[in-house]
Amino acid sequence: MSITVPNTKRAKQAAKGPYGHLGTVLNELDDRLGVAEGGRSFMDKIFPDHWSFMLGEIALYSFVVIMVTGVFLTLYYIPSQALVTYHGSYLPLDGMRVTEAFASTVNLSFAVRAGLLMRQMHHWSCDIFIGSMVVHMARVFFTGAFRKPRELNWSIGLTLLTLAIVNGFLGYSLPDDLVSGTGIRIAYSIVLSIPLVGTYLGFFAFGGNFPGTSVIPRFFIMHVLIVPGIMLGLVGAHMFLLYRQKHTQFPGEGRTEKNVVGSPMFPVFMAKTTGFLLLVTGVTALLGAFAQINPIWQFGPYEASRISYAVQPDWYMAFLDGMLRIFPAWSFHSFGYTIPFEVTIPAVIFPGLLFGVAYAWPTLERLFTKDNEMHNLLDRPSNRPKRTAAGAAVLAMLSTLFLASSTDVIANFFHISLTTVLWSMRVLVLVSPFVAYPITYKICKEMQGIKGGGKRKTPNVVTRTEEGEYLASSAPVYVDDLPSELEPTEVPRYITSPPKEPDVAEPGARIVER
Amino acid sequence: MTTSLIKRLGAFSAVAFLVLAPLSVFVSSASGAGHTPYQTTRKNAGTPNSSVVVKNKSGVVISYGNSAIMYNAPSSKLVTLGQALFLENCASCHGVEANGVAANGTSGAYPNLVGLGPATIDFWIDSGRMPAADPRAVEAPRRTPRLTPVQALAVAAWVNSLLPSYPDIPTPNLKNANVADGAALFALNCAACHTIEGDGDALAEDTFAPSLRKIPAFQVVEAIRTGPANMPRFTGNLSDYQVRDIVKYVTTEIEHPQNPGGLGLGGLGPVAEGFVGLLLGVGILALVAFWVGERQ
């Protein structure tokens, strides 16, 4: 049934529908691209509201900040190891022979408007990016969100974390300053330590012996194009799978394996998440403006003959550095070959094992528990004491390794012997998982026994009897949790495609269906 | 024919001259070295052998050096005072004759100070390391000095009177120092222990490289020239001019670092940055999520 709209103001307004000009534009778009149906289901998508589900968003928006600031930096950075004489505004380096990479980084810090702010925001948001990824991963792990059907997204997330760590290291190396050059030196040695193929791999990756002249250009193209390109694709896949498989939710009133309770994409979630994007950018900008990070002008350029003590990598590489520092000096010399176990085991085999177990964990857990069900409801961590305890054990070991990467700083700060710190770390890294596991397990078991544990506290209702006795009893349910709110409301479908009409409307008329 | 030959010879000799002339300059400078009083060798840096020398009437060297660093001997009038101070503050360990033989007769536990030169004695006392708070500690830390600068000079004068030696008390002149050269020399010679930002750090066992953030210029020279505790004694590989450049860099950029990017975070590098990034960055944003999201 179609009607021809009469040419009056009110009728025209009515014909435009409740969304006015926006509605007209959307109609035009729908005519050409057919966005209404997909857009409708996109905007109606329900996202659970729990705060811990927003930890991954910190990572997503930090990635946005990294890309925007990174594009700014590429405008001024020169990826070259050609030697130039520095004549810039930082006098203590004046006249020094430095690489173009170092000179351009110092210049973009001091001579480009907002350059230092952008560099510091880029670096801070990288620290925040990987930090929030780890926190997000811990949330996913401890609540069991990686279980069937989401094992693939767990693997994608883990790959993203690996790539982010690699890219963080590549970017950290680009200024070619004294501290990062030491890092490249260590990376080269780690590649060399791989048995049989190490030297070939090292020459292949670095274009010859260290330091060579092609490290910086190669790292640059990896850092700004190849790795971020892969990451961008994987972030898209991560988001698409999240959209396709729908978000998990904590069990609660009215929540089942078959539904999702939360806020719709538009307008609630979209407003919230946009605000969150701005807040992530804001916090990063505050850090970039007020906290100095990686002052390369104080370090000076890298030369293979120079070295500074107390050199640590950025925090996300610290567990590897810590492992390298505390591992005993074992090596194998025979048959004309050397296998440096003191490098191979902590820097190649250990991270390989760690990430291998992480990739395999969903499968391992499925095999171990023989649980092949689909899981859309999350676990309360204390209800899965073994998994929680295992996660806590790994985190305890990684935290110890993280601390072990600053053995010298700890020794200097607390005025204790470096050897004491070293041996403490060696003992701690072996002992801490075995201490963390039973303690966490016991706490989980205890928490399972708490009456009403894991549930929101309900208000107490105090009644006075006729005899004057006061009796307190907890209300059956929290006022916000009344199930009436959880009844799904009918979604108005304003932008449905119009029904097939056999008769042709007159030119200039608009078919309106309410 | 002959004219062309002569021309060729002329051209050849011109080329030969152009090639050999710089070489000859190089050779003459190389062979001429070693005879001037200013030549610094592996052993004599910071001693009168390398410098212009001023002697008093009785022929004792009271001052030597150059436009970069002047080394002055402590006044001989302070010797009596110095001996009294030494007996009061130092002799219980180093012995009444400063030879490392303690009052109870044991030797070898404490250093023999005879012949170490005034700069060594002055550095240890004036940086507060001596008298030591804990005589058994592997390395004495910098403290508020117990003796005044003049008292330190007096002790140095008395110990030096037992067996005169060098280097004397240095006074660097930083007027024409090149801070960029100082930065490069610092990275090459000092950063491996004191760190590139001069914060110092723990070394093997109980030893450590102290922080360089608050050190008077003359003590930097004393440390470089005398090599206290674990520190190597830098002599022949650093001229007085190079030492002056390092001192300039330490007293300007290390003691007052330029932090245009905001808070310096203690110069601790990625350790402090990691804590700030995780606790402040991720922490604040997680709190924001907790604020925005549902908390059920």
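Number of residues in segment B:239-284 that are within 21 Å of the chain's Cα centre (by Cα) and not charged (D, E, K, R) equals 13.
For segment A:392-439, the set of residues classified as within 13 Å of B:Asp201 (Cβ to Cβ), part of a helix (DSSP H, G or I), of a type outside the set (Asp, Glu) and open to solvent by less than 40 Å² (accessible area, probe 1.4 Å) consists of A:Thr407, A:Val409, A:Ile410, A:Ala411, A:Leu418, A:Val421, listed by residue number.
Results for (1) assigned to a helix (DSSP H, G or I); (2) touching a His at 6+ places or on another chain (Cβ under 9 Å); (3) open to solvent by 40 Å² or more (accessible area, probe 1.4 Å), shown as yes or no for each residue.
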| residue | (1), (2), (3) |
| --- | --- |
| A:Ile226 | yes, no, yes |
| A:Leu232 | yes, no, yes |
| A:Arg244 | yes, no, yes |
| A:His247 | no, no, no |
| A:Arg255 | no, no, yes |
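Among the helices (runs of 4 or more DSSP H) confined to segment A:122-219, the ones with at least 2 residues that are among the polar types (S, T, N, Q) and more than 18 Å from the chain's Cα centre (by Cα) are located at A:178-192.
Evaluate the following for B:Ala102: is it open to solvent by less than 70 Å² (accessible area, probe 1.4 Å) and modelled with pLDDT under 85? Yes: the conditions hold for B:Ala102. Within segment A:258-270, the presence of a residue that is surrounded by fewer than 16 Cβ atoms within 10 Å (Cβ to Cβ) and within 10 Å of chain B (Cβ to nearest Cβ) is excluded.
Quick one: which of B:Val53, B:Val60 is touching a Phe, Trp or Tyr at 6+ places or on another chain (Cβ under 8 Å), of a type outside the set (Gly, Ala, Ser), open to solvent by 20 Å² or more (accessible area, probe 1.4 Å) and at pLDDT below 80?
On the way: B:Val60 fails: touching a Phe, Trp or Tyr at 6+ places or on another chain (Cβ under 8 Å).
After ruling out the rest, the residue left standing is B:Val53.
In segment A:18-31, the residues that are acidic (Asp, Glu) form Cβ pairs under 9 Å with partners that are part of a helix (DSSP H, G or I), at six or more places apart or across chains, as follows: A:Asp30/A:Ala36; A:Asp30/A:Glu37; A:Asp30/A:Gly39. Scanning segment B:152-165 turns up no residue that is within 14 Å of the chain's Cα centre (by Cα) and in contact (Cβ under 8 Å) with a residue 12 or more places away in the chain. What number of residues in segment A:102-121 are outside any helix (DSSP H, G or I) and either within 21 Å of B:Glu273 (Cβ to Cβ) or among the small types (Gly, Ala, Ser) (or both)? Selection size over segment A:102-121: 2.
One line per residue, one yes/no per condition, for (1) under 28 Å from the mean Cα position of the chain (by Cα); (2) over 30 Å from B:Leu188 (Cβ atoms); (3) in a loop (DSSP other than H, G, I, E, B):
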position: A:Thr281; (1), (2), (3): yes, yes, no
position: A:Pro313; (1), (2), (3): yes, no, yes
position: A:Leu320; (1), (2), (3): yes, no, no
position: A:Arg325; (1), (2), (3): yes, no, no
position: A:Pro328; (1), (2), (3): no, yes, yes
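Would you call B:Val159 in contact with a Ser or Thr (Cβ under 7 Å, 6 or more places away or on another chain) and among the β-branched types (Val, Ile, Thr)? Here the answer is no, as B:Val159 does not meet what is asked. Is one or more of the residues making up segment A:407-416 polar (S, T, N, Q), within 13 Å of chain B (Cβ to nearest Cβ) and over 24 Å from the mean Cα position of the chain (by Cα)? Yes, segment A:407-416 contains at least one residue that is polar (S, T, N, Q), within 13 Å of chain B (Cβ to nearest Cβ) and over 24 Å from the mean Cα position of the chain (by Cα).
Sort out for me the helices (runs of 4 or more DSSP H) sitting completely within segment B:179-290 that have 1 or more residues that are open to solvent by 20 Å² or more (accessible area, probe 1.4 Å) and under 26 Å from A:Arg97 (Cβ atoms).
Qualifying helices (runs of 4 or more DSSP H): B:179-189, B:191-194, B:240-249.
For segment A:304-320, filtered to residues that are open to solvent by 30 Å² or more (accessible area, probe 1.4 Å) and closer than 16 Å to A:Val98 by Cβ, the residue that is farthest from the other protein chains (Cβ to nearest Cβ) is A:Ala304. Each residue in segment A:58-101 was checked for being within 14 Å of chain B (Cβ to nearest Cβ), open to solvent by 40 Å² or more (accessible area, probe 1.4 Å) and assigned to a helix (DSSP H, G or I), and 3 of them qualify.
If the condition is being more than 13 Å from A:Tyr302 (Cα to Cα) and not hydroxyl-bearing (Ser, Thr, Tyr), then segment A:85-105 contributes A:His87, A:Gly88, A:Leu91, A:Pro92, A:Asp94, A:Gly95.
For segment B:271-285, a residue qualifies if it is in contact with a Ser or Thr (Cβ under 8 Å, 6 or more places away or on another chain) and either more than 7 Å from every other protein chain (Cβ to nearest Cβ) or under 24 Å from A:Ala271 (Cβ atoms) (or both), and the qualifying residues are B:Gly281, B:Val282, B:Leu285.
Can you tell me how many residues in segment A:285-303 are within 21 Å of the chain's Cα centre (by Cα), assigned to a helix (DSSP H, G or I) and facing chain B (nearest Cβ under 7 Å)? So the count comes out to 1. Determine whether A:Ala304 is more than 30 Å from A:Val84 (Cα to Cα) and out of contact with any Gly (no Cβ under 6 Å at 6 or more places or on another chain). Spelling it out, it is not the case that A:Ala304 is more than 30 Å from A:Val84 (Cα to Cα) and out of contact with any Gly (no Cβ under 6 Å at 6 or more places or on another chain). Scan segment B:240-270 for residues that are at the interface with chain A (Cβ under 7 Å from one of its Cβ atoms) and charged (D, E, K, R) and the total you get is 1. Within segment A:358-376, the residues that satisfy the criterion of being touching a residue at least 12 places away in the same chain (Cβ under 8 Å), open to solvent by 40 Å² or more (accessible area, probe 1.4 Å) and part of a helix (DSSP H, G or I) are A:Tyr359, A:Trp361, A:Thr363, A:Arg366.
Matching residues to (1) polar (S, T, N, Q); (2) open to solvent by less than 60 Å² (accessible area, probe 1.4 Å):
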residue	(1), (2)
A:Thr273	yes, yes
A:Gln292	yes, yes
A:Tyr302	no, yes
A:Gly336	no, no
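Of B:Phe12, B:Phe17, all but one fail to be more than 23 Å from B:Ala156 (Cβ to Cβ) and either open to solvent by less than 40 Å² (accessible area, probe 1.4 Å) or at pLDDT below 65 (or both); the exception is B:Phe17. Screening A:Phe146 against (1) of a type outside the set (Asp, Glu); (2) within 13 Å of chain B (Cβ to nearest Cβ); (3) open to solvent by less than 20 Å² (accessible area, probe 1.4 Å); (4) in contact with a helix residue (DSSP H, G or I) (Cβ under 7 Å, 6 or more places away or on another chain) leaves a single unmet condition, (2).
Looking across B:Leu188, B:Leu203, one residue alone is at the interface with another protein chain (Cβ under 7 Å from one of its Cβ atoms), within 14 Å of the chain's Cα centre (by Cα) and not acidic (Asp, Glu). It is B:Leu188.
The values are calculated or read from the model by the stated rules, or taken from the named source; none is laboratory data. Remember, it's a predicted structure, so these values are computed and weren't measured experimentally. Note: ideal-geometry Cβ built from the backbone for every residue, glycine included; neighbour counts use all protein chains shown. The area values use the complete protein model at the heavy-atom level, side chains included, leaving out ligands, DNA and RNA. Shrake-Rupley method; radii C 1.70, N 1.55, O 1.52, S 1.80 Å.
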